[in-house]
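Student: Please find one structure pasted underneath; my questions will follow.
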């Protein structure tokens, strides 16, 4: 992702957070995209850990719903904060 130099999102429907980052320039876009990638990675890691080690006998759908709810609450957390989870 560090090789991304030009990104034209003019006229594209985007979420407010991405629109704000886009208006601040490429450095901000890189930071926002990295944060989104980190969130995805941490969410997958937590789900895998919970289903394999903590609650292996529980339905995965139930655990997935709980992880989704947790990350919805933590939506404004940055990558450093999520690492502590």
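Student: Being loosely packed, with under 13 Cβ neighbours inside 10 Å and at pLDDT below 90 narrows it down to one of 2, 72, so name that one.
Tutor: 2
Student: Output the residues belonging to segment 48-82 that are more than 30 Å from residue 3 (Cβ to Cβ), outside any helix (DSSP H, G or I) and touching a helix residue (DSSP H, G or I) at 6+ places or on another chain (Cβ under 8 Å).
Tutor: 55, 58
Student: Taking segment 8-19 as the search range and keeping residues that are assigned to a loop (DSSP other than H, G, I, E, B) and touching a helix residue (DSSP H, G or I) at 6+ places or on another chain (Cβ under 8 Å), which one is surrounded by the most Cβ atoms within 10 Å (Cβ to Cβ)?
Tutor: 9
Rundown of residues vs (1) touching a helix residue (DSSP H, G or I) at 6+ places or on another chain (Cβ under 7 Å); (2) more than 20 Å from residue 68 (Cα to Cα), yes/no style:
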site	(1), (2)
6	no, yes
21	yes, yes
24	no, yes
30	no, yes
35	yes, no
41	no, no
46	yes, no
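Student: Looking at segment 22-32, which of its residues are within 16 Å of residue 78 (Cα to Cα) and without any contact (Cβ under 8 Å) to a residue 12 or more places away in the chain? So that I can check it myself, show each step before the final result.
Tutor: Taking segment 22-32 first, the residues within 16 Å of residue 78 (Cα to Cα) are 27-32.
Answer for segment 22-32, where residues must be within 16 Å of residue 78 (Cα to Cα) and without any contact (Cβ under 8 Å) to a residue 12 or more places away in the chain: 27, 28, 31.
Student: Hey, another quick one. When you go through 18, 85 one by one, which is the residue that is within 16 Å of residue 4 (Cβ to Cβ) and modelled with pLDDT under 90?
Tutor: 18
Student: Right, something else. Of all residues in segment 25-59, count the ones that are exposed (fewer than 15 other Cβ atoms within 10 Å of the Cβ) and farther than 30 Å from residue 10 by Cα.
Tutor: 12
Student: Has segment 43-59 got at least one residue that is in contact (Cβ under 8 Å) with a residue 24 or more places away in the chain and out of contact with any strand residue (DSSP E or B) (no Cβ under 8 Å at 6 or more places or on another chain)?
Tutor: Yes; the residues of segment 43-59 include at least one that is in contact (Cβ under 8 Å) with a residue 24 or more places away in the chain and out of contact with any strand residue (DSSP E or B) (no Cβ under 8 Å at 6 or more places or on another chain).
The values are calculated or read from the model by the stated rules, or taken from the named source; none is laboratory data. Predicted model, so just to flag it, every value in this text is computed and none were measured. Methodologically, a virtual Cβ is constructed for each residue, glycine included, from the backbone with ideal geometry; neighbour enumeration extends over all protein chains shown.
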